[in-house]
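Written out below as structure tokens is the structure these notes cover.
The values are calculated or read from the model by the stated rules, or taken from the named source; none is laboratory data. From a predicted model like this one, the values you see are computed outputs, not experimental measurements. A quick note on method: Cβ atoms are made from the backbone with ideal geometry, for glycine too, and the neighbour counts reach across all protein chains shown.
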Amino acid sequence: MKSKLFDYVERDNLVFHLSGVTKLICFICLTFSVMFSYDIRVILSVMILSLIFFKVSGLEWKQIKLMVIYVIVFLLINFVLTFIFSPQYGVEIYGTKHEIYRFNSRYTITLEQLLYQITKLTKYASVVPLGLIFLLTTNPSELAASMNRIGLNYKAAYALSLTLRYFPDLIRNYQDISLAQQSRGLDLSKKEKLGVRIKNIMNICVPLIFSTLDRIELISNAMDLRGFGKHKKRTWYASKRLKRQDYIAILIAVFVLVGSICISVFINRSRFYNPFI
Amino acid sequence: MKKLFEFKTKTIVATGLGAALFTLLFMYVKVPTGIPGTDIQTAYGIGGFFAALFGPIAGGLIAFIGHALSDSIQYGSAWWSWVIASGLTCFLTGLIYPKLKVEEGEFSVKSAIFFNVYQIIANAISWIIIAPILDIVIYAEPANLVFTQGVVAAISNAVSVGIIGTLLLTLYSKTRSKKGSLTKE
């Protein structure tokens, strides 16, 4: 358990200089264009674009190694499960059937299924660098300011910034309680039976939750005393002004989104790209 | 009287810290069921608990932010269909909020049954109907796969809220002093 998972380390390059709003808008636009389109060409171009930005942002491999492993495991499981549950779904979507290999009448490998599953794989994989860039290059306190800028209610934005602020604290709390309970003989390892282990986990969670409830009381009183929520608007300490590079980045992202919708509507005439007809 | 959709400072703070707690439990504290991607999440128990204590808006936001954040930290990007379903579950569970008086130390068997009826309906709607439909619309997943996953998720989450949520509410009600519990000698 490491809170190092999302360390924000400031760096001096283009991606870090962009404001939080810009990165949020770009993230939403690019993610939606990938989510909407089922055209492998569109998805691959977004993937290449996001990989270029990833390179520019100068993030290091060791920062993301763990995530990439999780993603690969997840994608492989999804790949296999899809084939087991619906081996002919690709045929249904594309309307043709090119068989490559036959196990039995239900399980055959077809070109259509391969295209469908590979498209789906790239669809999930291509948004990963985007999410990583957004998460690791945006200052957490600026994020709330950005959310407020694009129209989210500032109270909700403030809730988000509280989450980011107290997440590392809670992890530390959890570790402290867990170590204290273990030193009193609470066993969390695999040696204990599952039922007992669940009960032992609860012995850690209950103090954690109750101390959090106390803390909620404390913080909300402090905020009330300082007059939080009295006015309709508020200003942010960490918000950045938009510069020229921000507008260019937003334009590119919007262009990609519109482009991917246009390709689906006018060229493919459906969300799927069909090379078989 | 408690209003259903109030959003005072305490709700905001509860949302913020609750979401952090949800993220933490979602990532580290889960019980495997054997089917990939659908462990019994202790986090939903906490989500239900917070929803019952602070209302539907806090509950919905806690699950939405918590799920999105933990997905982003673990996988780099959120699985939106399930994030939305998570938010919806806790939002619907939170609709019971005006009926409960847990912070006044009252949590009877009747309120426990009410709470569980609400959460089971909430889980059924979100995981068996909404999540699979969103999966099909957004990601074009095959229907039988997502409905199977949805049913498993609904059951395991309802179990989690039913056991952990109810337990926490009972414990919490015992730590609060009852209204009018002082007597004059």
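Screening the candidates B:LYS99, B:LYS184 for the property of being at pLDDT below 85 and not hydrophobic (A, V, I, L, M, F, W, C) yields one hit, B:LYS184. The residues of the stretch A:126-151 that are touching a residue at least 12 places away in the same chain (Cβ under 8 Å) and not in a helix (DSSP H, G or I), listed by number, are A:THR138, A:ASN139, A:ILE150. Within the group A:LEU160, A:LEU130, A:LEU135, A:LEU152, which residue is buried (at least 21 other Cβ atoms within 10 Å of the Cβ) and outside the structural domain of A:PHE27 (by TED's automatic domain parsing)? After applying the criteria, what remains is A:LEU160. Looking at the stretch B:77-185, the helices (runs of 4 or more DSSP H) lying wholly inside it that each contain 3 or more residues that are away from chain A (no Cβ under 13 Å) and among the aromatic types (Phe, Trp, Tyr) sit at B:109-123. List pairs: first residue in the stretch A:208-230 and under 20 Å from B:LEU21 (Cα atoms) and more than 7 Å from chain B (Cβ to nearest Cβ), second residue assigned to a helix (DSSP H, G or I) and β-branched (Val, Ile, Thr) anywhere in the structure, Cβ distance under 6 angstrom, at least six positions apart or on different chains. Taking only residues 6 or more apart or on different chains, the pairs are A:LEU208/A:ILE177.
Total residues in the stretch B:58-74 satisfying the condition of being surrounded by 23 or more Cβ atoms within 10 Å (Cβ to Cβ) and of a type in the set (Val, Ile, Thr): the figure is 2.
Condition check: surrounded by 22 or more Cβ atoms within 10 Å (Cβ to Cβ), out of contact with any Pro (no Cβ under 9 Å at 6 or more places or on another chain), at the interface with another protein chain (Cβ under 9 Å from one of its Cβ atoms) and farther than 28 Å from A:SER86 by Cβ. Does A:ALA145 satisfy that? Against the criterion (surrounded by 22 or more Cβ atoms within 10 Å (Cβ to Cβ), out of contact with any Pro (no Cβ under 9 Å at 6 or more places or on another chain), at the interface with another protein chain (Cβ under 9 Å from one of its Cβ atoms) and farther than 28 Å from A:SER86 by Cβ), A:ALA145 does not qualify. Identify all residues within the stretch B:112-154 that are under 29 Å from B:GLY180 (Cα atoms) and touching a residue at least 40 places away in the same chain (Cβ under 8 Å); write none if there are none. Within the stretch B:112-154, B:ALA112, B:PHE115, B:ASN116 qualify. Report yes if B:ILE163 is in contact (Cβ under 8 Å) with a residue 60 or more places away in the chain, surrounded by fewer than 18 Cβ atoms within 10 Å (Cβ to Cβ) and either within 21 Å of B:PHE26 (Cβ to Cβ) or within 20 Å of the chain's Cα centre (by Cα) (or both), otherwise no. Yes: the conditions hold for B:ILE163.
Taken over the stretch A:180-207, the criterion of being at pLDDT below 85, buried (at least 17 other Cβ atoms within 10 Å of the Cβ) and more than 12 Å from chain B (Cβ to nearest Cβ) is satisfied by A:LEU186 alone. Filtering the stretch A:143-190 to residues that are more than 20 Å from A:PHE27 (Cα to Cα) and among the aliphatic types (A, V, I, L, M) leaves A:ALA159, A:LEU162, A:LEU170, A:ILE171, A:ILE177, A:LEU179, A:ALA180, A:LEU186, A:LEU188. Collect the residues in the stretch B:67-76 that are facing chain A (nearest Cβ under 8 Å) and in a helix (DSSP H, G or I), keeping them in residue-number order. Within the stretch B:67-76, B:LEU69, B:SER72, B:ILE73, B:GLN74, B:TYR75 qualify.
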